[in-house]
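Scroll down for the structure; my scribbles are underneath it.
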Amino acid sequence: MIDRRLLTKIAVPPAVFLLTLALAAAQEQDFSKVQIKVTKVAGSVYMLEGDGAGNIGASVGDDGIVIVDDQYAPLADKIQAALKGITDKPVRFIINTHYHPDHTGGNAYFQKQAPIIAHDNVRKRLENGGPAGNGGSLHFDAKPAPKDALPIITFDHAVTVHLNGEDIRALYFPAGHTDGDAIIFFPKSNVVHMGDDFVTYGFPFIDVEAGGSINGMIDGVEKVLAQVPADVKIIPGHGPVSGVDDVRPYLAMLKATRDAVVQALKEGKSLDQMKQAKLLDPWKKYSGDFVSADAFLETLYNSLTGQKTGKFIKHN
Ligand SMILES: [Zn+2]
């Protein structure tokens, strides 16, 4: 069992999410020390961060607040207070980038104030729970969320919220980080919230067991880069405000590692052989305590071969 203090020590924020999935209500996490940091991104968009949970984007203006993601339930009061520090206006809508609990944990709290909008699959996954992970060493069971945490407005392709003089557009990108990813564009402010399709903590977590895939993630990131101005500000799912110059090397890494595994598969290599050959060594600077090179190799292998669980692979 992982202890929260250990997580703080090794500073692996996304592990907090995995810890939540793994332990669910079994163990209370201590959020009392977490402080919410507010950063002005550009135009009318702010970013709220709290101890590695998913970054919150906030459009703030005369009409009120539209937030993108809402972190963990125990942080909701602090998020509310941080928003009050920016404006007295009410929250009008909440958009979820995907179903993971470090992005949707505050849903029940905030939905008392305003409706939550998300892709159809986010609602389904929150409602039903189910397996999550990379099909290998990262595996967790997501618990069904309470009814009041379920997005009451869902969309299948795209939805636009016209508030604060901004056409806030949530666009669905299939099978990337999960099968319910939305990337949120704030065109007037020139900001994009990429959810967990772009993160700065190293090799990304791809929830292959919840319909995510390496090819979908690459496709989504490419499409975003193709439609944003060069000076756009990018809010990653986790990490500091970034730009196109941060996303390009990340995309290049995704493609190159994918291609390396495709080539190894063509040569008939097994996952174990790829691990032994340290196939991802050229990209080892991306290897983290959360998604190690081996864990990312499993992710790529399982995604590219359609394998869903480590067990399945082992016994076939
Ligand atoms: Zn996520």
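Values in this text are rule-based calculations from the coordinates and carry no lab data. This structure is a prediction, so every number in the text was calculated from the model and none was measured. Counting neighbours? That spans all protein chains shown, and the Cβs are built from the backbone with ideal geometry, glycine included.
What the table below lists for this structure:
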| item | result |
| --- | --- |
| Region 163-316: C-alpha gyration tensor shape, a/c 1.5 cut-off, then a/b vs b/c | prolate |
| Proximal aspartates and glutamates to LYS143, defined as alpha-carbon separation beneath 16 angstrom and excluding residues fewer than eight positions away on the same chain | GLU28, ASP102, GLU127, ASP207, GLU209 |
| 222 nm mean residue ellipticity, helices alone, for the chain (DSSP H n ≥ 4; -39,500 (n - 2.57); rounded to 500) | -9500 deg cm²/dmol |
| Neighbourhood net charge (10 Å Cβ-Cβ; Lys/Arg +1, Asp/Glu -1) for VAL66 | -1 |
| Within straight-line cross-link reach of LYS40, lysines at Cα separation under 27 Å, skipping those fewer than 8 residues along the same chain | LYS78, LYS84, LYS89, LYS112, LYS188, LYS223, LYS233 |
| In order through region 71-88: 3J(HN,Hα) via Karplus (6.51 cos²θ - 1.76 cosθ + 1.60), integer Hz, x for Gly, Pro | 6, 9, 3, x, 9, 4, 4, 5, 5, 4, 5, 5, 5, 4, x, 9, 7, 8 |
| Pairwise label distance in nanometres, ILE153 with ALA81, each label 7 Å out on the Cα-Cβ vector | 3.0 nm |
| Cα-based Rg and Dmax for region 97-161, where Dmax is the largest Cα-Cα distance (Å) | 12.4, 39 |
| Net lengthening on full extension, SER137/ALA226 (0.36 nm per residue, minus Cα-Cα) | 28.7 nm |
| Peptides 103-114, 169-180, 144-155 ordered by average Cβ neighbours within 10 Å, highest first | 169-180, 103-114, 144-155 |
| Three-way shape call for region 78-204 based on the alpha-carbon gyration tensor, with the a/c threshold at 1.5 | prolate |
| Radius 13 Å from Cβ of THR39, net charge of other residues (Lys, Arg +1; Asp, Glu -1) | +2 |
| Residue list for region 156-179, given a label point 7 angstrom along the Cα-to-Cβ vector of ASP120 and an amide N cut-off under 18 Å | 156-160, 170-176, 178-179 |
| Acute angle (nearest 10 degrees) that the helix 13-23 long axis makes with the longest principal axis of the chain, alpha-carbon atoms | 80 degrees |
| For region 239-275 versus region 35-77, the gap between their alpha-carbon centres in whole angstrom | 31 Å |
| Nearby lysines by direct alpha-carbon distance to LYS269 (threshold 27 angstrom, same-chain neighbours under 8 apart not counted) | LYS255, LYS278, LYS284, LYS285, LYS308, LYS311, LYS314 |
| Table column - 3J(HN,Hα) (Hz), region 212-228, Karplus curve with 6.51, -1.76, 1.60, x for Gly and Pro | x, 7, 5, 5, x, 5, 4, 4, x, 5, 4, 5, 5, 4, 6, 10, 10 |
| Using θ = phi - 60° and Karplus 6.51 cos²θ - 1.76 cosθ + 1.60, couplings along region 248-259 (whole Hz; Gly, Pro as x) | 4, x, 5, 5, 4, 5, 4, 5, 5, 5, 4, 4 |
| Considering only the chain, percent of DSSP beta bridges that pair antiparallel, nearest 5 | 75 percent |
| Calculated FRET value between GLU267 and ASP289, using beta carbons and R₀ = 22 Å, to 0.05 | 0.15 |
| Taking only Cα atoms of the chain, radius of gyration then Dmax in Å | 18.7, 61 |
